Structures are given as structure tokens and as C-alpha cells.
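Take a look at the structure below.
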Amino acid sequence: ESIYQHIYKACKKREKLLAVLIDPDKFAFSNTKSFVEKVNQSVATHVFVGGSTVAEHITEILVAEIKKHTQLPVVLFPGDVTQITDKADALLFLSLISGRNPEYLIGKHVESVSKLRKTQLEIIPTGYILVQNGKETAVQRITGTEPMPRNNIQNIVDTAVAGQFLGMKLIYLEAGSGALHPITSEIIQSVKRELNIPLIVGGGIRKKNQLDVAYKAGADLVVIGTAFEEDTSFFDAIKNH
Ligand code: 1GP
């Protein structure tokens with residue numbers, strides 16, 4: 001079974017998935033073993049690795065180390081072509097459909113092919129939608145795109161559905177790492193209602209209650225990075241989601 005099939009089936013069965021995001025840029029390499037052991041003991045189902053500003057080769061070294069300590073699928077969530085490594089299991093092939101920068105809609109994708117051809121990575125086309133969260137995010141700064149206004153829900157829904165029509169296999173609603181406000185339940189619900197493909201939600205989720213709200217609204221997979229980075233006791237706090 002592929003990683004995507006697993007996510008798709010979970011979505012149809014309404015099982016909830018949780019990805020722990022490790023940003024190589026913010027993560028102390030020497031902590032990998034103990035951190036990943038905590039991930040293994042938690043309810044997490046996936047490890048995502050990626051960030052907006054990661055120095056070359058660091059991702060590969062970190063992914064190799066993570067793989068030593070876990071059986072969970074390790075999925076690349078790359079901010080850039082340089083973060084692609086065969087050491088992972090799958091790659092979210094992200095298209096920033098909230099923005100209008102051709103580099104992040106198709107340019108980087110073309111650039112990545114010579115690298116991807118040499119890997120066995122499972123490639124999962126993903127429509128990535130950045131939504132305003134109250135402060136500027138790294139994604140916004142680096143891609144030079146505007147996030148979608150939170151109050152124009154119809155536009156967010158239409159963007160997600162357009163992504164599905166284009167053949168994307170996942171839609172990722174992103175508030176941005178460390179967001180002040182996570183994606184609202186109203187946005188999640190409205191998008192979920194019109195999608196047949198799994199919905200990922202991430203950015204700014206730091207409390208168990210915010211995780212529950214996201215799942216209840218219809219998120220199939222939630223991504224959490226900062227909250228675990230800052231305090232690994234959050235793994236215990238979410239035991240019975
Ligand atoms: C960021 O959606 C992820 O790309 C996770 O965000 O670090 O705020 O959990 P946090």
C-alpha cells in the first residue's frame with residue numbers, strides 16, 4: 001500500500017492522522033534519537049521534514065538519521081528543490097495555488113525533475129493554500145506571494161476545488177509555521193464539504209483543543225511542528241485525540 005493510499009483510506013474511514021513536522025533549520029540534530037522516540041510513542045502517524053530556509057544537504061542527513069529510529073513514513077515537505085532526498089519515503093509535490101508566483105506553481109517543479117528521476121520517492125501532488133494568520137509567514141516572504149484573506153471563504157474553497165480539478169491528490173490548508181491563528185473551523189468545514197480528496201491542515205496548532213477543532217471540522221491529517229519543538233510534553237497532552 002502506498003503512503004497516499006493509506007491517507008486516502010483513512011480519510012474515507014474518517015480516521016484522523018497526525019504528522020509531526022521537523023524543520024531541519026530549527027532542529028538540533030543531536031536530539032534526533034530522543035525526539036523520534038517520543039514521536040514513536042505518540043499518536044503521530046507520519047513524520048514530515050521540511051522548511052522554508054534549509055541549508056543544502058542538511059535535510060538528507062537528518063532524514064537518514066530519523067529513518068534509523070522510526071518505522072513511520074517520512075514525507076518530505078520541501079521549501080526548495082535542494083531539500084529533495086531519496087532517503088525519505090514520499091514527497092509532497094507542492095503547488096502554491098493560493099499565490100500567483102509561477103516559480104511556485106510550476107517553475108521549481110520542472111527544476112526538480114532531474115533530481116526526482118534518480119529517486120524512488122512516492123510523489124504526491126498537493127495543492128498548497130496559504131491563508132492569512134495575523135502575521136507574515138516565512139512562506140509568504142520567500143515565495144513573494146500573498147496569503148488568502150481569512151474572511152473570503154468562498155475564494156479559499158474555489159481554490160481548493162480548482163486544485164482537485166487539476167488532479168491534485170491532497171489539499172493542504174496552511175496558516176504558516178508559528179501562526180497566531182490556526183485555520184478556522186469554518187474554513188476547514190467549507191473546504192472539506194466540497195472535496196473528495198484528503199485535507200491537510202497545519203500552522204499554529206499548539207493546544208489539544210485546537211487539534212480537536214481541526215479534526216472535528218474535517219481535517220484528515222493535521223501537521224504540528226512548533227508545539228512539539230518547543231515542548232515535547234505536548235506529545236502526552238494529545239494522547240486521546
Ligand atoms: C507549517 O503547517 C506547519 O508548515 C506546522 O506549523 O509549526 O505552527 O505547527 P506549526
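So the values come out like this:
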read-out	value
Residues of the stretch 108-139 that turn out to be within 18 Å of LEU76 (Cβ to Cβ) and either in contact with a Pro (Cβ under 7 Å, 6 or more places away or on another chain) or without any contact (Cβ under 8 Å) to a residue 60 or more places away in the chain (or both), as a count	18
Residue identified as closer than 30 Å to VAL81 by Cβ, surrounded by 24 or more Cβ atoms within 10 Å (Cβ to Cβ) and not acidic (Asp, Glu) among VAL191, VAL161	VAL191
Residue check for GLU1: surrounded by fewer than 20 Cβ atoms within 10 Å (Cβ to Cβ) and either in contact (Cβ under 8 Å) with a residue 24 or more places away in the chain or under 24 Å from PRO147 (Cα atoms) (or both)	no
Of all residues in the stretch 145-158 being within 18 Å of the chain's Cα centre (by Cα) and among the hydrophobic types (A, V, I, L, M, F, W, C), the one that is surrounded by the fewest Cβ atoms within 10 Å (Cβ to Cβ)	MET148
Neighbours by Cβ (under 6 Å, 6+ apart or cross-chain): first from the stretch 53-69, touching a residue at least 12 places away in the same chain (Cβ under 8 Å); second among the charged types (D, E, K, R) and not in a helix (DSSP H, G or I)	THR53/ASP25; VAL54/ASP25; GLU60/LYS87; VAL63/LYS87; ALA64/LYS87
Selection count, the stretch 210-236, where residues are within 14 Å of the ligand (Cβ to nearest atom) and in a helix (DSSP H, G or I)	10
Count of the stretch 25-41 residues which are in contact (Cβ under 8 Å) with a residue 40 or more places away in the chain, surrounded by 13 or more Cβ atoms within 10 Å (Cβ to Cβ) and either in contact with a Ser or Thr (Cβ under 9 Å, 6 or more places away or on another chain) or not in a loop (DSSP other than H, G, I, E, B) (or both)	4
Subset of the stretch 201-217 [of a type in the set (Val, Ile, Thr) and crowded, with 24+ Cβ neighbours inside 10 Å]	VAL201, ILE205
Qualifying positions in the stretch 95-111 - of a type outside the set (A, V, I, L, M), within 14 Å of ASP80 (Cα to Cα) and under 19 Å from the mean Cα position of the chain (by Cα)	SER95, TYR104, LYS108, HIS109
Matching residues in the stretch 172-197 - criterion: being among the polar types (S, T, N, Q), over 12 Å from the mean Cα position of the chain (by Cα) and either assigned to a loop (DSSP other than H, G, I, E, B) or within 14 Å of the ligand (Cβ to nearest atom) (or both)	THR184, ASN196
Total residues in the stretch 140-171, condition over 13 Å from GLY99 (Cβ atoms) and within 15 Å of the ligand (Cβ to nearest atom)	2
Count of residues meeting criterion [of a type in the set (Asp, Glu) and within 15 Å of the ligand (Cβ to nearest atom)] in the stretch 75-118	1
Extreme residue, nearest to the ligand (Cβ to nearest atom), among residues of the stretch 198-209 that are over 15 Å from the mean Cα position of the chain (by Cα) and either in a loop (DSSP other than H, G, I, E, B) or in contact (Cβ under 8 Å) with a residue 12 or more places away in the chain (or both)	ARG206
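Every read-out reported here was derived from the displayed coordinates using simple, explicitly stated rules and does not represent laboratory data. Here the structure is a predicted model, which is why all the values come from computation and not from measurement. Here Cβ is always computed from backbone atoms with ideal geometry, including for glycine, and neighbour counts include all displayed protein chains.
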